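Reading through the structure tokens given below for one structure.
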Amino acid sequence: MSLDFPAFALSPEHDALRESVRALAEEKIAPHAAQVDQASEFPQEAHDALVKADLHAVHIPEGYGGAGADAIATVIVIEEVARVCASSSLIPAVNKLGTMPLILAASEEVKQRYLAPVARGEAMFSYALSEPEAGSDAAAMKTRAVRDGDSYVLNGVKRWITNAGISRFYTVMAVTDPAADAAGISAFVVESGDEGFSYGAPEHKLGIKGSPTRELYFDHCVIPADRMIGEEGSGFHTALATLDHTRITIAAQALGIAQGALDYATGYVQERRQFMSSACKCFASDVAMDVTTDAVQLLGGYGYVSDYPVERMMRDAKITQIYEGTNQIQRIVMARQLLK
């Protein structure tokens with residue numbers, strides 16, 4: 001007989017980090033989570049608390065003033081913050097997403113110039129890859145960067161940019177050689193005050209409302225050539241390599257949300273009982289939730305904003321699994337009948 005043991009166990013340092021982040025999240029972030037969502041406002045209290053505790057960008061190497069935390073420590077921070085407020089968890093998550101291209105490919109001068117302010121909590125960093133007609137197919141982007149002496153001139157639009165308008169710095173992918181397809185894409189640092197750079201209106205989203213999502217507009221935006229990240233034409237490779245490092249942060253966010261919901265629901269059901277039954281109600285409401293969730297997925301990013309009705313339908317469908325008796329209770333009652 002063989003026994004199954006966990007393939008991986010956290011170190012004592014990781015366990016201690018989890019405890020400290022959870023305590024901070026419950027004390028400083030959770031009390032503001034509902035207001036952040038209801039008002040669609042940036043979680044400034046969470047940001048300030050994370051910066052004060054040096055948890056806003058733990059992944060930045062020590063050589064640039066950061067904590068030099070490993071990938072596990074970074075996702076622990078994101079998971080524990082997401083457990084109480086998903087919007088707030090995008091502060092450390094997007095700081096990593098925005099700065100990872102620099103860590104992977106930028107010159108030492110660019111790293112020193114831009115990673116240090118983020119490590120000190122003086123700036124946030126966003127990542128600009130997607131466009132209105134280039135979401136999953138990012139290589140089809142149309143934003144152009146044309147060399148002009150010691151500068152590049154950017155023109156185009158980026159869409160679905162997390163923390164846009166709050167972040168001070170942006171990693172922006174743009175086409176420098178239209179004839180080279182993906183090999184003609186380069187990466188640049190754009191600063192919030194650059195002339196010709198502006199933001200669209202905040203998107204009205206289904207969730208993570210405290211994290212602003214906006215378009216970025218580049219209208220003859222001139223930036224110095226020394227702000228290029230890596231070599232010309234290496235931007236798409238850097239973008240994909242970045243996502244290899246950062247997709248795990250979204251897994252951590254999802255895990256944190258699930259854990260927070262489970263913790264709350266477990267505490268609730270231990271205090272309250274209700275008895276109702278209807279197999280038809282249980283089946284139909286589950287189908288409604290599945291169908292509307294898939295409908296949002298089929299529309300992609302558009303399904304997540306209020307301009308289209310499917311996000312409302314998904315939100316409305318959720319209550320049918322809850323009122324007149326939750327579907328979990330329905331199944332318990334049906335199981336008891338079947339087991340008689």
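The values are calculated or read from the model by the stated rules, or taken from the named source; none is laboratory data. Everything numeric here is computed off the predicted structure, so don't read it as measured data. Cβ placement follows ideal geometry from the backbone for every residue including glycine, while neighbour counts extend to all protein chains displayed. All accessible areas refer to the heavy atoms of the entire protein, side chains included, with ligands and DNA or RNA removed. Shrake-Rupley method; radii C 1.70, N 1.55, O 1.52, S 1.80 Å.
Worth pointing out:
- Computed E for K52/R247 - FRET, C-beta separation, R0 25 angstrom, nearest 0.05: 0.30
- Applied to the range 212-219, the Karplus parametrisation 6.51 cos²θ - 1.76 cosθ + 1.60 on θ = phi - 60° returns per-residue 3J(HN,Hα) values of x, 10, 9, 7, 10, 10, 10, 10 Hz, with x for Gly and Pro.
- The phi-based Karplus calculation (6.51 cos²θ - 1.76 cosθ + 1.60; θ = phi - 60°) puts the 3J(HN,Hα) values of the range 106-114 at 6, 5, 4, 5, 5, 4, 5, 5, 10 Hz, whole numbers, x for Gly and Pro.
- Those aspartates and glutamates that a straight Cα-Cα span of less than 14 Å connects to K111, excepting residues fewer than 8 apart in one chain: E62, D226
- Positive-pole candidate from S167, V21, C221, dipole of the chain, charges at beta carbon: V21
- The fraction of accessible area contributed by carbon and sulfur in the range 121-183 is 44 percent, rounded to a whole number (1.4 Å probe; ligands and nucleic acids excluded).
- With the simple spin-label model, which puts each label point 7 Å out from Cα in the Cβ direction, the D294 to D150 separation comes to 5.9 nm.
- The range 207-335: relative contact order in percent, alpha carbon pairs under 8 Å with at least 6 residues between: 25
- Cross-link partners of K142 among lysines (Cα-Cα below 21 Å; sequence separation of 8 or more within a chain): K158
- Sparse-neighbourhood loop sites, GluC sites (Glu not before Pro) in the range 175-268 - DSSP loop, at most 10 other Cβ within 10 angstrom: E195
- Total formal charge among the other residues, if their Cβ is under 14 angstrom from that of E191, Lys/Arg +1 and Asp/Glu -1: -1
- Angle of helix 30-39 to the longest C-alpha principal axis of the chain, folded into 0 to 90 degrees and rounded to 10: 80°.
- Label of the coordinate-derived value, Rg/Rh (Cα atoms, Kirkwood Rh), listed as (i) 1.03; (ii) 0.95; (iii) 1.06: (i)
- Within the accessible surface of the range 188-232, defined with a 1.4 Å probe on protein heavy atoms only, the carbon and sulfur portion equals 47 percent.
- The stretch between D177 and D70 holds 35.0 nm of extra length on full extension. This uses 0.36 nm per residue minus the Cα-Cα distance.
- A cut-off under 12 angstrom between Cβ atoms defines the neighbours of F283, and their net charge, with Lys, Arg +1 and Asp, Glu -1, is 0.
- Gain on full extension, evaluated as 0.36 nm per residue between Y323 and D286 minus their Cα-Cα distance, stands at 12.0 nm.
- Accessible area (Å², 1.4 Å probe, nearest 10) - E122: 110
- Dipole of the chain [Lys/Arg +1, Asp/Glu -1 at C-beta], most positive-end residue of I72, T320, Q112: T320
- These residues, M141, M276, go from largest to smallest accessible area, 1.4 Å probe, as M276, M141.
- Net dipole in debye of the chain [+1 Lys, Arg Cβ; -1 Asp, Glu Cβ; about Cα centre; nearest 20]: 1300
- E19-A39 pseudo-label distance in nm [points 7 Å out on the Cα-to-Cβ vector]: 3.4
- Whole-angstrom gap from the range 102-128 to the range 167-215, using each part's C-alpha centre: 16
- The chain: relative contact order in percent, alpha carbon pairs under 8 Å with at least 6 residues between: 16
- For the range 70-198, accessible area per residue (1.4 Å probe, heavy atoms of protein chains only), Å²: 33
- Computed over protein heavy atoms with a 1.4 Å probe, the carbon and sulfur contribution to the accessible area of the range 275-316 reaches 65%.
- Couplings 3J(HN,Hα) of the range 296-310, computed from phi: 4, 4, 5, 7, x, x, 5, x, 9, 10, 7, 5, 10, x, 5 Hz, in residue order, whole Hz [Karplus 6.51 cos²θ - 1.76 cosθ + 1.60, θ = phi - 60°; x for Gly and Pro].
- In degrees, nearest ten, helix 235-269 long axis to first principal axis of the chain (Cα): 20
- Under the criterion of Cα pairs below 8 Å and six or more residues apart, the relative contact order for the range 100-165 equals 26 percent.
- Counting only Cβ charges, +1 for Lys and Arg and -1 for Asp and Glu, the dipole size of the range 6-164 around its Cα centre is about 420 debye.
- Inter-site label distance for V333 and H220 at 7 Å from Cα along Cβ, in nm: 6.9
- Judged by the ratio a/c of the largest to the smallest principal axis of the C-alpha gyration tensor, the range 89-136 counts as oblate, that ratio being 1.5 or greater while a/b is no larger than b/c.
- Shape call, the range 190-340: gyration tensor on alpha carbons, a/c limit 1.5: prolate
- Estimated at 0.36 nm per residue, the fully extended path between A139 and S198 surpasses their Cα-Cα distance by 18.9 nm.
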